[in-house]
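> After the C-alpha cells below, expect a handful of questions from me.
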Amino acid sequence: FTKPVSGKTLKLLYVKPLSENSAKVNKYVKDSQDPRFGLPETYQITVKNRSDGSTRTMLVHHSRVIHIVDDLLEDETEGNPRLQPVYNRLMDLEKVVGGDAEMFWRGARPGYTGTLDPKYKMTNTTLSDLQDQVDEYEHNLRRILLNEGIELKSLAQQIADPKGHVEVLVQMICAEKGIPKRILLGSERGELSSNQDRQEWMEYVQSRREEFAEPRIIRPFVDRCIEYGILPDPKSEQNDYEVTWNDLFSISDKDRSDIGKIRADAWKAYSSNPVATETMPPELAAELFLGLDEDQLNIVIKTLQQAYRKMKEEETPISPEEEQIIEEDEMGGNGKPVEEIEEMVNE
C-alpha cells in the first residue's frame, strides 16, 4: 500500500471510512518544487479486525486516501472539529443534567437535626442506642426512630429546577451550530414557527451539501475514480458530470393530498357554475385552480380534445324516418303544433 496507484483501468475493491485517530499523517511532502508541497505523502492506517478484536497498522500512499477536512482557513490538512466550538457547552449540559439527578437524590431524602430537652439527661446507653438507630435508618434498615428527650426535625430540601440552565445551554449550542432549537430538540410547537424553523434548517442542510459535501467529498472521490479508470471519463463524451441531490423543499404526501383536495373543490365549484366559462376560460381555470404548468395544461387540453372527438365519432347517425318521428313528436304527434292541439281541446 506504500506504492502509488498506477494504471488506467482499475477496479475498486472497497471503500472504508476512517476517523482522525485511525488515519494519521505519517509523512508530509517537503520538496517545495512538488505540487503537493505541505500535503501528506503517506498515512498510518490502523484497521481493527472485528472477528478476533486484533488491530493492524499499515502505511498507505496518499493516492489511496481521500483526505476530508472541515472548516479550513490556511491549512489544507487540519481543520477545526465540528464539535469543538460547543464541546464545553455539551460538558456543561451533561454536568447540569447529572447534577440535577444527584441534587434530587440528596434533597429528596432530607437530613435531620435533633434538639435535646434541657431537663433530660442522656446516658451513654441511650446515646449508643440512638446512634445505632440512626445508622440503621441511614442504611435503609429502619424507617422509625424511637428516642426520648430529643426532638427530631427534618432539614429544608434544597432542590432547584435546572430548566433555565438547560435552556440557556441549548440556545448557545443552537446559536453556534446554526440548528433551530425546535429541530434540535424535536419539538413542534406552533405550525408557523415550526415551518419557519424547518425552512431555515433545510436551507442550512442544502448549503452544507453544496459548500462541503459536494466539493470536499463527492467530487474528489468521483474524480479519483475517473482518473484511475474505475468510472468512465465524462469529458471524453463532451459532457461533464453533475451532482444531483434530493429536493429538501418538496412538500410531504399529507400536504400534497390536502392541496389536491382544495384544488379539486375549487374546480368542482367552477365547473358547476353555468356562467363560469364566460368569465374565465377553462384553460385559465385549470392553470389557476389545479396549479398545472404549461406542459401539463397542454396534455389536459389534448386529452379532452381526443375524448370529444371520439365521442362525436361514436354517435350513431339519425335516419330520415327517425327525423320525421322526432318532428312529429315536436308538432304534437299529427303534424300540428302543440298549441293548436291545445286550442282544439279547449273548444
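> Tell me the accessible surface of Lys48 in square angstrom (1.4 angstrom probe, heavy atoms of protein chains only), to the nearest ten.
110
> Hey, another quick one. Show that you can apply the helix-only estimate: for the chain, add -39,500 (n - 2.57) for every DSSP H stretch of four or more residues, divide by all residues, and state [θ] at 222 nm to the nearest 500. Please list the in-between numbers first.
On the way: 12 runs with 157 residues, N = 347.
It comes out at -14500 deg cm²/dmol, rounded to the nearest 500.
> Additional query: Among the listed pairs Lys121/Lys153; Lys268/Lys302; Lys177/Lys235; Lys24/Lys177, which are separated by more than 29 Å between their Cα atoms? Don't skip to the answer; put the middle values down first.
Working: Lys121/Lys153 20 Å; Lys268/Lys302 21 Å; Lys177/Lys235 38 Å; Lys24/Lys177 27 Å.
Long pairs (Cα-Cα over 29 Å): Lys177/Lys235.
> A further question on this structure: Starting from the amide H of Asn26, placed 1.01 Å from N in the peptide plane, find each other amide H under 5 Å away whose residue is 5 or more places distant or on another chain.
Correct list: Thr42, Tyr43, Gln44.
> Let me ask another. Tell me, what is the percent relative contact order of the chain, built from C-alpha pairs under 8 Å that lie six or more residues apart? Write out the running numbers ahead of the final one.
Details: 262 pairs, mean separation 42.1, N = 347.
Result for the chain is 12 percent.
> Considering only protein heavy atoms and a 1.4 Å probe, what is the carbon-and-sulfur percentage of the accessible area of the chain?
52
> Using every Cα-Cα pair within the chain, state what percent have a distance larger than 33 Å. Please report the intermediate quantities before stating the final value.
Values: 42047 of 60031 pairs.
Cα-Cα pairs of the chain separated by over 33 Å account for 70 percent.
> Now, a different point. If you count only protein heavy atoms with a 1.4 Å probe, what accessible area per residue comes out for segment 102-254, rounded to a whole Å²?
Result: 77 Å² per residue.
> Another question about this same structure. What does the accessible area of Ile183 come to, in Å² to the nearest 10, when a probe of 1.4 Å is used?
The accessible area of Ile183 comes to roughly 50 Å².
> Here's another thing I want to ask about it. Please state, as a whole number in µm²/s, the translational diffusion coefficient that the Stokes-Einstein equation yields for segment 253-303 at 20 °C and 1.002 mPa s, with Rh defined as the Kirkwood radius across alpha carbon pairs. Write down the numbers at each step before the final one.
Numbers: Rh = 11.6 Å.
My calculation gives 185 µm²/s for D.
> A further question on this structure: Put one equal scatterer on each alpha carbon of segment 58-149, apply the Debye formula with no solvent term, and list log10 I(q)/I(0) at q = 0.12, 0.14, 0.19 1/Å to two decimals.
Log10 I(q)/I(0), no solvent term: -0.68, -0.79, -1.00.
> A follow-up question, please. Which of Pro85, Pro40, Pro110 moves most in a GNM of the chain, Cα contacts under 10 Å?
Pro110
> Roughly what would the spin-label model give for Lys11 and Gln158, points 7 Å off Cα along C-beta, in nm?
Result for the modelled spin labels: 7.1 nm.
The values are calculated or read from the model by the stated rules, or taken from the named source; none is laboratory data. Since this is a predicted model, take the numbers as computed values, not measurements. For neighbour counting, all protein chains shown are included, and Cβ atoms are generated from backbone atoms with ideal geometry for every residue, glycine included. Protein only, heavy atoms only, side chains kept; ligands, DNA and RNA dropped before computing areas. Shrake-Rupley method; radii C 1.70, N 1.55, O 1.52, S 1.80 Å.
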